[in-house]
Structure formats: structure tokens, C-alpha cells
Amino acid sequence: AELHYSPFKVLALGGTPAQQKRYADRWARRFFDAGSARLWSAADDRTSRGERIRIAYLSSDFYEHATTYLISELIEQHDRSRFEVIAYSYGMSPKGAAGERIAMAFDRFVDIAPMPNAAAARAIHADGVDILIDLKGYTKDSRCDILAWRPAPVQVNYLGYPGTLGDGLADYIIADRVIAPMTDQPYFSERIVQLPHCYQPNDTKRPISAPPSRAACGLPDGAFVFCSFNNSYK
């Protein structure tokens, strides 16, 4: 029998896409078994009222973190005539230049860190969020169980965890043809939405340091160097 490993660990251990989806489905089912009740219903629909679409981003990484470095300009670029953009944060306070910038980029910045998952989901639902985008997935400090309460009519898996969250949690995953080719659709509970070039945004305003010389890094001048800027288990 298969053990109940976190889907994130299964990604590192390998296995087939079918196995990865099976673990994710099983992991997601735990949230529903814990009693999560669907909050959103068709009676909550706001789209016919002519209001701006309310997009919310859920994460613990709105501070000096890689996610914030990537998405700051993305948040700033939202068309405010069409969209209201909210952050639901359950991590560190947005301190430092990157944290202050990301906090200012949103129309509202809501701290849900002290709230239990059910209360956080009710707060998101009460705010009338139309599209809830989870930026964490099953990475460290994940609170995907908030999604199990279905606080929004459309729920999206994006950026932090480019694998499936499992049955019932998200409707779409934003990816690209490398991260999630359409031939892999059977292995995602979410419907794959591919961006045309790369799923990962970046910040054109972030200064780039001058590169060190090869000699300073102890590297030969005439060799091809393979690099990987992440944890070695990846």
C-alpha cells in the first residue's frame, strides 16, 4: 500500500505523473474529510452587478522572498479599471524594500495569519473574492486547506507549486508548455492554462548586479559550466 506522503516530497522522490496525481488526490481528500464545507454558491455571483472583478492572492511569502521578487511588477500591472487586487497574507510582515513594495502594489493587504483555516476562508468569502490564486501549493507553510472551503467561485494554482493540488481544490493551474504540456492534462485535477512563453513572471525594475569573473569563482575560462540555484534535492 502507498504511504501518505506530502505531494511535494513525492515530486522530489520521483515517480510517474499518474503516481504524483494519486498522492495529490489522497492528500487533498484529507482536507475534505476534516469537515471543510463549501462556502461559495451561485447565489453569491457578483459578475452581473457591473463591479470590478476581485482577484485575491493567497501566500505566506509577501516579504523578502523569491515569490515577491518575481510577482511585484505583475501585481502592479493589473488593470485597476477592471480588477481589484487583494493579498491574503499568513506569513511574515511585509518588511524591507521588497515587502513594502508588494504591500503597496495591492489595493488591500489582509493579514490572515492569526485566523484558523475556516475563519480565513470565511473572511475571503465575505470579501466577495471572484478569483482566488494560491501561490504556495504544497510548499513550506502551505494552507491549501483554505481552498477546500471553496471561498471563491474560481480557484487557481499558480507559481509556487507547478504540480497538481489534487481533486477539488483548484479549478485551473497557470503553467506553460514546458511545465505542463497539454498531453499531461490527465495528471492534473486542474485544467491547464498555458501562458504563451513562460509561466514565471519577473521584475524588470529589479537591479541586476554585475557578474563576478570566472576567476573570482574558481572557474576555468574556456569551459561550459552547469549551474543550479536551488536546493540540491531538486
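The values are calculated or read from the model by the stated rules, or taken from the named source; none is laboratory data. Not measured: the values here are computed from a predicted model. No Cβ is skipped: glycine too gets one built from the backbone with ideal geometry, and neighbour counts run over all protein chains shown. What goes into the accessible areas is simple: the full protein's heavy atoms, side chains included, and nothing from ligands, DNA or RNA. Shrake-Rupley method; radii C 1.70, N 1.55, O 1.52, S 1.80 Å.
Which longest run of the chain has no exposed loop site in it, a site being GluC sites (Glu not before Pro) in a DSSP loop with at most 15 other beta carbons within 10 Å, and the site itself not part of the run?
65-234
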Exercise for the section: Work out how much length A43 to L195 would gain on full extension: take 0.36 nm times their residue separation and subtract the Cα-Cα distance, in nm to one decimal. Expected result: 51.6 nm
Practice task
Write down the accessible area per residue of the chain in Å², having rolled a 1.4 Å probe over the full set of protein chains.
Solution key: 56
Exercise for the section: Could you tell me which chymotrypsin sites (Phe, Trp or Tyr not before Pro) in segment 156-229 are loop residues by DSSP with no more than 16 other beta carbons within 10 angstrom of their beta carbon? Expected result: F224, F226, F229
Handout entry: Accessible area of the chain belonging to carbon and sulfur atoms, whole % at 1.4 Å probe
Key = 55
Practice task
Using only alpha carbons, build the gyration tensor for segment 137-234 and give me the equivalent ellipsoid semi-axes, biggest first, whole Å.
Solution key: 35, 16, 14
Handout entry: Estimated distance in nm for a label pair at A113 and S228, the labels positioned 7 Å out from Cα along Cα-to-Cβ
Key = 3.3
Exercise for the section: Calculate, in nm to one decimal, what S6 and N202 gain on full extension: separation in residues at 0.36 nm each, minus their alpha carbon distance. Expected result: 67.7 nm
Problem - Amide hydrogen neighbours beyond the local backbone of I192, cut-off 5 Å, H modeled - result: I173
Completion exercise
Quick calc, M104 & M182: beta-carbon distance into FRET formula, R0 45 Å, rounding 0.05, result 0.75
Completion exercise
Filtering chymotrypsin sites (Phe, Trp or Tyr not before Pro) in segment 1-109 by DSSP loop and by at most 16 other Cβ atoms within 10 Å leaves Y5
Practice task
Express the C-alpha Rg of segment 7-73 as a ratio against the empirical globular expectation 2.2 N^0.38 Å, rounded to two decimals.
Solution key: 1.64
Fill in the blank from the handout: Sorting W149, I55, F109 by the position of each Cα along the dipole of the chain (Lys, Arg +1; Asp, Glu -1; all at Cβ), the one nearest the positive end of that ordering is W149
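Just in segment 142-227: which trypsin sites (Lys or Arg not before Pro) are loop by DSSP and have at most 16 other Cβ atoms within 10 Å? Don't skip to the end; give the middle numbers.
Details: sites: R143, R177, R191, K205, R214; in loops: R143, R177, K205, R214.
Sparse-neighbourhood loop trypsin sites (Lys or Arg not before Pro): R177, K205, R214.
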Practice task
Kindly provide the Kirkwood hydrodynamic radius of the chain in Å, to one decimal, from all pairs of distinct alpha carbon atoms.
Solution key: 19.3
Fill in the blank from the handout: Karplus-derived 3J(HN,Hα) from phi for segment 138-155 (6.51 cos²θ - 1.76 cosθ + 1.60, θ = phi - 60°), whole Hz, x at Gly and Pro, runs 9, 7, 4, 6, 4, 10, 4, 5, 4, 5, 5, 7, 6, x, 10, x, 10, 10
Practice task
Taking each pair of different alpha-carbon atoms in segment 37-141 once, compute 1/r for the pair, average those values, and report the inverse of that mean as the Kirkwood hydrodynamic radius in Å to one decimal.
Solution key: 14.4
Exercise for the section: For segment 64-69, take each phi angle, set θ = phi - 60°, evaluate the Karplus expression 6.51 cos²θ - 1.76 cosθ + 1.60, and give the result in whole Hz per residue in order, putting x for glycine and proline. Expected result: 6, 9, 4, 4, 5, 4
Handout entry: Simple label model, 7 Å out from Cα along Cβ direction - R52 to R30, nm
Key = 3.8
